[in-house]
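Since every read-out is calculated from the coordinates, none of them should be taken as a lab result. Every value quoted in this text rests on a predicted model; they were computed, and no experiment measured them. FYI the Cβ positions are ideal-geometry reconstructions off the backbone, even for glycines, and counts take in every protein chain you see.
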Amino acid sequence: MRATIMHGAGDVRIENVADATLVDPTDALVRVTRACICGSDLWPYRSMEASETGQSMGHEAVGVVEAVGDSVSKIKVGDLVIMPFAYSDGSCEFCHDGLQTACVHGGFFGSAGVNGAQAEALRIPFADGTLYALPGEMDEALMPSLLTLADVMGTGHHAAHIAQVSPGNAVAVIGDGAVGLCGVIAAKRLGAEQIIIMGRHPGRTALAQEFGATEVVSERGDEAVERVRSLTGGFGAHAVLECVGTEQAIETATAIARSGGAVGRVGVPHYPAVPPEQTFYKNVTVGGGPAPVRAYIDELLPDVLEGRIQPGRVFDRLIGLDEVPEGYRAMDQREALKVMIEP
């Protein structure tokens, strides 16, 4: 089968690899019908050291179950399923708590010998705990939004949940990538009254406004902090969604959070520490991490199916598997917001 393998910074190839097969009795085999490139995939695309063996890529997919192991009881052959970016057994203490990304037997697709989703097919460990079977046939027009439930919509929702967004809040969203835009959707859905999108790409911030953002802040650093404070009566935001992961982003997030506010950070951190004085003296809560998107699908899916939210609009390019290297380049150069793949 064909799959995406990254061999180093800027070196993405589509290669013929061994077919995905069942290994353990808890496995399922899924034929990928939709996958995508994630903003987090761009970190290794920019910095990965050269490798002969390479790294299997991709962690978001919708697909059809082709085979299941003898111990799989909930997932059936023929099911259309959402594949969250982390696999989980569904039975450990953390899975029961709705924190599947901390599953004691779990892990992340595209790592530790588990192949990635930017491929024609893949093996799903712990299929019953990992996969989410969709109810019946789905309208083709819903596929982009269903795919976001594998990562970016659930991650944006996680940021809003951790930041304790509630009705009437002032919310600031740092980052106008796909996760930040889904964070806007999440904040609007949870009743925020004021939603400030912090980004400098006009097409993306315009989409954020269509999703519910009330103001746009394009400044960075101290200027951004002052601008947000001025928009929030001088106090800062009740909730801040940090969707980037850089040192400047976390410094801005803690600076613009009002006293007693909260920061939900979901950008993969590329900084040494959260600023201590900003959070301590203002009693600002900072939390977050890899989103347990599997836990959020029950809550978010009805809004997708009934058209109340349309997170699939973050996809602005559709490509085939052979075009994935170009998709990486386009996202890296900000010529595309988020690229969807139809193998």
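Laid out as a table, the results:
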item: Cα centroid separation - region 185-246 against region 319-343, whole Å; result: 27
item: Per-selection Kirkwood Rh - region 116-233 (Cα, Å, 1 d.p.); result: 15.9
item: For Rg and Dmax of the Cα atoms in Å, calculated from these coordinates, the label among (1) 19.6, 60; (2) 20.6, 68; (3) 19.0, 56; result: (1)
item: Relative contact order %, the chain, counting alpha carbon pairs below 8 Å whose residues are six or more apart; result: 18
item: Point-to-point label distance, Asn16-Arg2, nm (Cα→Cβ direction, 7 Å offset); result: 1.2
item: Gained length - Thr246 relative to Ser166, 0.36 nm times residue gap less alpha-carbon distance; result: 26.2 nm
item: Cα Rg, Dmax (largest Cα-Cα span) when computed across region 3-69, Å; result: 13.8, 38
item: Charge context of Gly90, other residues only, Cβ under 14 angstrom, K/R +1, D/E -1; result: -4
item: For region 249-343: relative contact order, % (alpha-carbon pairs under 8 angstrom, 6 or more apart); result: 21
item: Value in Å of the Kirkwood radius, where region 1-146 supplies the Cα pairs that are averaged; result: 15.6
item: Reach of Lys282 by Cα under 17 Å, taken over aspartates and glutamates that are not fewer than 8 positions away in the same chain; result: Glu226, Glu251
item: Within straight-line cross-link reach of Lys338, aspartates and glutamates at Cα separation under 16 Å, skipping those fewer than 8 residues along the same chain; result: Asp41, Glu60, Asp151, Asp176, Asp316, Glu323, Glu326
item: Solution diffusion estimate, µm²/s, Stokes-Einstein, region 155-287, Kirkwood Rh from C-alpha pairs, 4 °C, viscosity 1.567 mPa s; result: 94
item: DSSP bridge orientation in the chain - percent antiparallel, rounded to nearest 5; result: 55
item: MRE, 222 nm, helices only [DSSP H, n ≥ 4, -39500 (n - 2.57), over the chain, to nearest 500]; result: -8000 deg cm²/dmol
